[in-house]
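Asks: Can you read through this structure? Questions will come right after.
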Amino acid sequence: MNKKILLVRKDETFLVNAIKNALITNRFQVVDSSYSIGDLSTKKQGVDLIILYTDQDFEEYMEALVYIKDMCIEENMIILVIGDKDAFELVHQYIPKEDIAFEVTRPLDMANLMDKVATATDDEFEIKRRKCILIVDDDPTFIQMVREWLKDTYRVGMANSGTQAIAWLATNKADLILLDYDMPVLDGPKVMEMLRSESFSQSTPVMFLTGKNDRDSVTNVISLKPADYLLKSISRDKLLGTLDKFFKQKVNG
């Protein structure tokens, strides 16, 4: 069955129609919608990808962005945004970056856009993108580096403390938490105890990240059953391989 695209736009301009025709030519099923919440609510069923086409009056559609964000959380929607830097920054105020598969800048390269749509609707990509990983670490350089490593494969959330992680998880779902073992104030084990005490995070698997080159320090949290214990010196490829193996084992197990 052809993948279904929800193309959200203000008006049916020449470029919007060109995008729609290109999608149809590439064998996608296209439903277009205005930024009206009523319109969105009646057309969202069975959608594989939402394309947001932004224009110069885009700031008028804040309610729609909040509604689309809720769709992402509740129904695991994937989003592609077409626009410019200002539009992307505006979208980020309402829709987390981890829910956006691609941002495509105008002027459009239609072939490039179709490649990104094909990637975003690929079954394997869709499954991986729907896996959300929360990184909890007080080191901003490290957390940004890991996000860059993961963002093309997974949805990624970030928190710089245990308290921030709890607040994030209260309104977002994570499939795995990468948790710094050695944070100040509240260290990894204490944060994990907090996570296990909350109904919304008690069953979320946790992998510890540490700069220490041994496993002895994790013995005091064995009862909390971390999924793994990874060195912060891990390479990008090894981390991606570890995560891929973890999720495949969960599916097969």
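Asks: Being over 16 Å from residue 231 (Cα atoms) and modelled with pLDDT under 90 is the filter here, so list the residues in the range 163-186 that pass it.
Replies: Correct list: 170, 171, 172, 173, 184, 185, 186.
Per-residue answers, yes or no, for (1) at pLDDT 95 or above; (2) not acidic (Asp, Glu):
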position	(1), (2)
29	yes, yes
63	no, no
77	no, yes
112	yes, yes
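Asks: Look at residue 86 and say whether it is within 30 Å of residue 168 (Cα to Cα), surrounded by fewer than 17 Cβ atoms within 10 Å (Cβ to Cβ), at pLDDT 90 or above and not small (Gly, Ala, Ser).
Replies: Yes: the conditions hold for residue 86.
Asks: Considering only the range 20-69, state which residues are in a strand (DSSP E or B) and among the aliphatic types (A, V, I, L, M).
Replies: The answer is 30, 31, 49, 50, 51, 52.
Asks: Out of the residues in the range 44-55 meeting the condition of being of a type outside the set (Val, Ile, Thr) and at pLDDT 95 or above, tell me which one is nearest to residue 91 (Cα to Cα).
Replies: 52
Asks: Another one. Which of the residues belonging to the range 31-56 are within 19 Å of residue 106 (Cβ to Cβ) and touching a residue at least 24 places away in the same chain (Cβ under 8 Å)?
Replies: If the condition is that a residue be within 19 Å of residue 106 (Cβ to Cβ) and touching a residue at least 24 places away in the same chain (Cβ under 8 Å), then 32, 35, 49, 50, 51, 52, 53, 54, 55 are the ones that fit.
Asks: If you don't mind, there's one more thing I want to ask. Taking residue 15, is it part of a helix (DSSP H, G or I), in contact with a strand residue (DSSP E or B) (Cβ under 6 Å, 6 or more places away or on another chain) and over 17 Å from residue 66 (Cβ atoms)?
Replies: Against the criterion (part of a helix (DSSP H, G or I), in contact with a strand residue (DSSP E or B) (Cβ under 6 Å, 6 or more places away or on another chain) and over 17 Å from residue 66 (Cβ atoms)), residue 15 does not qualify.
Asks: Using beta carbons and a limit of 6 Å, which pairs, at least six apart or on different chains, have the first residue in the range 157-171 and in contact (Cβ under 8 Å) with a residue 40 or more places away in the chain and the second one surrounded by 16 or more Cβ atoms within 10 Å (Cβ to Cβ) and assigned to a helix (DSSP H, G or I)?
Replies: Matching pairs, first to second residue: 157/98; 157/168.
Asks: How many residues are within 24 Å of the chain's Cα centre (by Cα) and surrounded by fewer than 18 Cβ atoms within 10 Å (Cβ to Cβ) if we restrict to the range 1-28?
Replies: Here the count works out to 2.
Asks: Please count how many residues of the range 234-245 are closer than 10 Å to residue 209 by Cβ and either out of contact with any helix residue (DSSP H, G or I) (no Cβ under 7 Å at 6 or more places or on another chain) or surrounded by fewer than 16 Cβ atoms within 10 Å (Cβ to Cβ) (or both).
Replies: Adding up the residues that qualify gives 1.
Asks: Right, next: Kindly indicate the residue of the range 90-107 that is part of a loop (DSSP other than H, G, I, E, B) and closer than 21 Å to residue 125 by Cβ and also modelled with the lowest pLDDT among those meeting that condition.
Replies: If we take residues in the range 90-107 being part of a loop (DSSP other than H, G, I, E, B) and closer than 21 Å to residue 125 by Cβ, then 96 is modelled with the lowest pLDDT.
The values are calculated or read from the model by the stated rules, or taken from the named source; none is laboratory data. All of these numbers come straight from a predicted model, not from anything done at the bench. Quick reminder, even Gly has a Cβ in these numbers, built from the backbone with ideal geometry, and neighbours come from all protein chains shown.
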